[in-house]
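Encoded as structure tokens, the structure appears first; notes follow it.
The values are calculated or read from the model by the stated rules, or taken from the named source; none is laboratory data. The structure displayed is predicted, hence computed values, not measured ones. Cβ sites come from the backbone with ideal geometry, for glycine too, and all protein chains shown count toward neighbours. The area values use the complete protein model at the heavy-atom level, side chains included, leaving out ligands, DNA and RNA. Shrake-Rupley method; radii C 1.70, N 1.55, O 1.52, S 1.80 Å.
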Amino acid sequence: MPFIRANVDAPFGAILYDGPARCSEYRTDVGAAAIYPGDLVGQMADGCVDTITSATASLILGVAAHYLAAAAATTILVYDDPDQRFTMQDDGDTTAMTALSEGGNAVPILTTGNTTSLRSAHEIDASSISTLTAFPLHIQRLHPVEADSYASAAGSPRRWIVNINPGYHQLATSSGI
């Protein structure tokens, strides 16, 4: 995929790292905002899926598999397996992620998608890395495209392999299936 390149600041949301373990179909609402491939999505109170708007107050169902225009009452495919791994870019802001970021947890930045490329703009908030499990993303390791280069300055976003923490995944919680 052309957007998985080292040393490029081009957010793309969460994309599959390895083959999809499961992709399921869910309903969406009329009046919902556009959903971009790579957006973190959740099931709302009415059972319909929409892009999450709060990184720490929302349960995450999974990641949108395709684009869906705003106000479309239809269905959307979601990568919803609790064990699925994804690739995400960090925001590379004033705090660079390092080798110590592996095994940590982070908050995603939930920016609206790119209307030209129709890609998600969600990314990892590099300054949120913590050992707290109260954050939705678990950082597994640096993506191989980065050539295991942990020496990166702030302002240099990199790609990481992540998964959704079980406490934040709707299908991995005690009330899930």
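Listed values, structure above:
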item: Qualifying position, being on the phi > 0 side of the Ramachandran plot and not basic (K, R), among L132, L110, L137, L118; result: L118
item: A96 vs. criteria closer than 21 Å to D39 by Cα and at pLDDT below 90; result: no
item: Lone unmet requirement of (1) within 28 Å of S24 (Cβ to Cβ); (2) outside any loop (DSSP other than H, G, I, E, B); (3) hydrophobic (A, V, I, L, M, F, W, C) for V145; result: (1)
item: Pairs where the first residue, in the range 61-81, is touching a residue at least 12 places away in the same chain (Cβ under 8 Å) and the second is open to solvent by 50 Å² or more (accessible area, probe 1.4 Å) and of a type in the set (D, E), C-beta under 9 Å, 6+ apart; result: A71/D29; A72/D29; A73/D29; T75/E25; I76/E25; L77/E25; V78/E25
item: Search result, residues across the range 86-102 that are open to solvent by 10 Å² or more (accessible area, probe 1.4 Å) and of a type in the set (D, E); result: D91, D93, E102
item: Hey, D81 farther than 15 Å from T28 by Cα and either open to solvent by 50 Å² or more (accessible area, probe 1.4 Å) or touching a Gly at 6+ places or on another chain (Cβ under 8 Å) (or both) or not; result: yes
item: Residue satisfying all of: in the range 1-18; modelled with pLDDT of 75 or more and in a loop (DSSP other than H, G, I, E, B); farthest from L77 (Cα to Cα) among these; result: D9
item: Qualifying residue in the range 103-117 (condition: open to solvent by 20 Å² or more (accessible area, probe 1.4 Å), modelled with pLDDT of 90 or more and outside any loop (DSSP other than H, G, I, E, B)); result: yes
